[in-house]
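S.K.: Could you have a look at this structure, given as structure tokens, before my questions?
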Amino acid sequence: AGSYTAPEQRSLTIRRNANMQYVTTAEINGRRVRVLVDTGANVVALNSSHARALGLDYAAGAPARVETASGTASAWVVTLGFVDVGGIRVDNVQATVVEGDFPSMVLLGMTYLRHVKMEETGGVLSLSRTW
């Protein structure tokens, strides 16, 4: 005979703002930052100022070029130790640091979001994860 323990589930809800965006707070490598949930972003993306504020040595990452609304920009591919949104923590998250001011807010892209279940109803986005 054995016993069954239901897996632990964490969840949070984010209300859509007046700009029709889902903005919340995340913890990246132990530091809090505002993030925009962006299912259209392949990776978590941040600008070089965000990276410095988070204490990231992004220049040690792999160099890359990215297309932005303003044209091509230099970037670096890095691995974040962890990203935690509302207690839903994902370790070793790939991110891109873009030189300059774009994106203006950290984009919470699919390298984080693919690890969570997302549901949107009536202007409220729910994120959850079971483990």
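The values are calculated or read from the model by the stated rules, or taken from the named source; none is laboratory data. Note that the structure is predicted; figures quoted are calculated from it, not measured. All Cβ positions, even for glycine, are placed from backbone atoms using ideal geometry, and neighbour counts span all protein chains on display. Surface accessibility is based on the protein's heavy atoms, side chains included, excluding ligands, DNA and RNA. Shrake-Rupley method; radii C 1.70, N 1.55, O 1.52, S 1.80 Å.
S.K.: Name the residues in the range 54-96 that are among the aliphatic types (A, V, I, L, M), without any contact (Cβ under 8 Å) to a residue 40 or more places away in the chain and within 17 Å of Val106 (Cβ to Cβ), would you?
M.R.: The initial filter retains those residues of the range 54-96 that are among the aliphatic types (A, V, I, L, M), namely 54, 56, 59-60, 62, 64, 66, 69, 73, 75, 77-78, 80, 83, 85, 88, 90, 93, 95.
In the following step, the residues that additionally are without any contact (Cβ under 8 Å) to a residue 40 or more places away in the chain were identified as 54, 59-60, 62, 64, 66, 69, 73, 75, 77-78, 90.
Those that are among the aliphatic types (A, V, I, L, M), without any contact (Cβ under 8 Å) to a residue 40 or more places away in the chain and within 17 Å of Val106 (Cβ to Cβ): Leu54, Val66, Ala69, Ala73, Ala75, Val77, Val78, Val90.
S.K.: Do you know which of the residues in the range 69-89 that are part of a strand (DSSP E or B) and among the polar types (S, T, N, Q) is farthest from the chain's Cα centre (by Cα)? Can you show your working first?
M.R.: Here is the first cut: in the range 69-89, the ones part of a strand (DSSP E or B) are 71-85, 88-89.
Filter again for among the polar types (S, T, N, Q), leaving 72, 74, 79.
Details: Thr72: 22, Ser74: 20, Thr79: 12 Å.
In this case the residue turns out to be Thr72.
S.K.: Out of the range 1-24, which residues are hydroxyl-bearing (Ser, Thr, Tyr) and free of Cβ contacts under 8 Å to residues at least 40 places away in the same chain?
M.R.: Restricting attention to the range 1-24, the residues satisfying the condition of being hydroxyl-bearing (Ser, Thr, Tyr) are 3-5, 11, 13, 22, 24.
Of everything in the range 1-24, those that are hydroxyl-bearing (Ser, Thr, Tyr) and free of Cβ contacts under 8 Å to residues at least 40 places away in the same chain turn out to be Ser3, Tyr4, Thr5.
S.K.: Sort out which residues of the range 10-65 are of a type in the set (Val, Ile, Thr) and either open to solvent by 50 Å² or more (accessible area, probe 1.4 Å) or part of a strand (DSSP E or B) (or both), and write them in order of number. Steps first, please.
M.R.: In the first step, residues of the range 10-65 are kept if they are of a type in the set (Val, Ile, Thr); the result is 13-14, 23-25, 28, 33, 35, 37, 39, 43-44.
Within the range 10-65, Thr13, Ile14, Val23, Thr24, Thr25, Ile28, Val33, Val35, Val37, Thr39, Val44 qualify.
S.K.: I've got another one for you. Just wondering, is there one or more residues in the range 79-92 that are in contact with a helix residue (DSSP H, G or I) (Cβ under 8 Å, 6 or more places away or on another chain) and open to solvent by 20 Å² or more (accessible area, probe 1.4 Å)? Break it down into steps so the answer makes sense when it comes.
M.R.: We begin by selecting, within the range 79-92, every residue in contact with a helix residue (DSSP H, G or I) (Cβ under 8 Å, 6 or more places away or on another chain); these are 83, 85, 90.
This time we only want the ones that are open to solvent by 20 Å² or more (accessible area, probe 1.4 Å), so: none.
Looking through the range 79-92, none of the residues is in contact with a helix residue (DSSP H, G or I) (Cβ under 8 Å, 6 or more places away or on another chain) and open to solvent by 20 Å² or more (accessible area, probe 1.4 Å).
S.K.: Oh, and also: Under 6 Å by Cβ, and 6 or more places apart or on different chains, what pairs join a residue from the range 103-128 that is more than 28 Å from Ala69 (Cα to Cα) with one that is assigned to a loop (DSSP other than H, G, I, E, B)?
M.R.: Leu127/Val116
S.K.: Would you mind stating whether Thr72 is modelled with pLDDT under 95 and among the hydroxyl-bearing types (Ser, Thr, Tyr)?
M.R.: yes
S.K.: Inside the range 101-131, can you point out the residues that are among the charged types (D, E, K, R), within 28 Å of Thr5 (Cα to Cα) and open to solvent by 70 Å² or more (accessible area, probe 1.4 Å)? Talk me through it step by step, then tell me what you get.
M.R.: First pass over the range 101-131, keeping only residues among the charged types (D, E, K, R): 101, 114, 117, 119-120, 129.
Adding the requirement that they be within 28 Å of Thr5 (Cα to Cα) leaves 114, 117, 119, 129.
Once the filter is applied, which keeps residues that are among the charged types (D, E, K, R), within 28 Å of Thr5 (Cα to Cα) and open to solvent by 70 Å² or more (accessible area, probe 1.4 Å), the range 101-131 yields Arg114, Lys117, Glu119.
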